[in-house]
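One structure is given below, encoded as structure tokens.
The values are calculated or read from the model by the stated rules, or taken from the named source; none is laboratory data. Just so it is clear, the model here is predicted, and its values are computed rather than measured. When we count neighbours, we look across all protein chains shown, and the Cβ atoms used for this are built from the backbone with ideal geometry, even at glycine. To get the accessible areas, we keep the full protein, side chains included, count just its heavy atoms, and leave off ligands, DNA and RNA. Shrake-Rupley method; radii C 1.70, N 1.55, O 1.52, S 1.80 Å.
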Amino acid sequence: MVVEVLHTRYPQGAEKQLVQAVSGRQVPSGKLPADAGCCIFNLNTTCAIYRAVYEGMPVVNKIVTVSGSGVIDPKNIECPIGTPITKLFDACGGLKDETYKLIMGGPMMGLAQYDLDVTVGKGTGAMLAFADKEEQYVEDPQCIRCGKCVGVCPIRLEPIFMYKYLMKGDVDTWQNVLHGMDCIECGACTYTCPARLPLTHAFRLGKQEVNNARMAAKAKAEAEAKAAAEKKEA
Ligand code: SF4
Ligand code: SF4
């Protein structure tokens, strides 16, 4: 076994970045690490595989980081899957009165929650609560063409143009010319953008639109194939 020590940078833990940092190989656009001859398992997954194979134990617990300026006493907590997040915050002394935002996941890639009525799932690694002073919402943000989002993108995409084309409703150019589906949703462009444009959020919606279209096309093709087969039998 060889332990490779990597430079501290973000994003480093994403599959494609790890493959490149450790092996020097690039995962081709739209492909998986296996296409570059690599498999990526994090430590938790590796331990879970061991327990499942040697002890017959499925994944029933998660270690969740409960943190953020809205949490009174932040902690890492091991808890059963299905635990209400209110129990996690209770174990951390509760939430501060000025808490205004809850995020399930990390600060860059996590998803905002509507309320406290959610539970820990098998993919939950963190639960964050932010207090009022960190609010950076901007009404009707406007791009100032500084280019910072392009400079920080680890995939070398062009977030400024991706956003522009998505806002125009041109998903085709976003997908096929600007390679929007290669976005790993790291949030680096959104974090860097001085105009506070919701870049990553827009790209998530763009991906959803492409995936919906793919599923609709697949369902249509299956229905047509089924109808053709029935016609042939009749
Ligand atoms: S979220 Fe932004 S910076 Fe990250 S990969 Fe996607 S476009 Fe690039
Ligand atoms: S970082 Fe923001 S303001 Fe600057 S070019 Fe990108 S989208 Fe525009």
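General observations
- All-pairs Cα distance distribution in the chain, expressed in whole percent, bin size 10 Å: 6, 22, 28, 27, 12, 3, 1
- Across the accessible surface of the stretch 51-139, with the other protein chains kept in place and a 1.4 Å probe, carbon and sulfur atoms take up 54 percent.
- Cα-centred dipole magnitude for the chain, charges only on beta-carbon of K, R (+1) and D, E (-1), debye, nearest 20: 660
- Estimated translational diffusion coefficient (Stokes-Einstein, Kirkwood radius over Cα pairs, 10 °C, 1.306 mPa s) of the stretch 61-134: 134 µm² per second.
- Backbone amide hydrogens, once placed in the peptide plane, bring M127 within less than 5 Å of T65, V66, S67, G105, excluding anything fewer than 5 places away on its chain.
- Value of D in µm² per second that Stokes-Einstein yields for the stretch 1-134, Kirkwood Rh from Cα pairs, at 20 °C (1.002 mPa s): 126
- Probing with 1.4 Å while keeping every protein chain in the model, the per residue accessible area of the chain equals 67 Å².
- Helical segments meeting 30 Å axial Cα length and Kyte-Doolittle 1.0 threshold in the chain (DSSP H): none
- Length-normalised contact order for the stretch 68-133 - Cα pairs under 8 Å, 6+ apart - percent: 44
- Candidates A217, Y114, L43 compared by Cα position along the dipole of the chain: farthest toward the positive end lies A217, with charges placed on Cβ.
- Entry note, the stretch 67-192: relative contact order of 23 percent, from Cα contacts under 8 Å with a spacing of 6+ residues.
- Backbone phi angles across the stretch 5-11, fed through the Karplus curve with coefficients 6.51, -1.76 and 1.60 (θ = phi - 60°), yield HN-Hα couplings of 9, 9, 5, 6, 7, 10, x Hz in residue order; Gly and Pro are listed as x.
- For the stretch 61-134, a simple Cβ point-charge model (Lys and Arg +1, Asp and Glu -1, everything else neutral) yields a dipole of about 280 debye relative to the Cα centre.
- Charged neighbours of L197, selected by a Cβ distance under 13 Å, balance to +2 (K, R count +1; D, E count -1).
- For the chain: relative contact order, % (alpha-carbon pairs under 8 angstrom, 6 or more apart): 13
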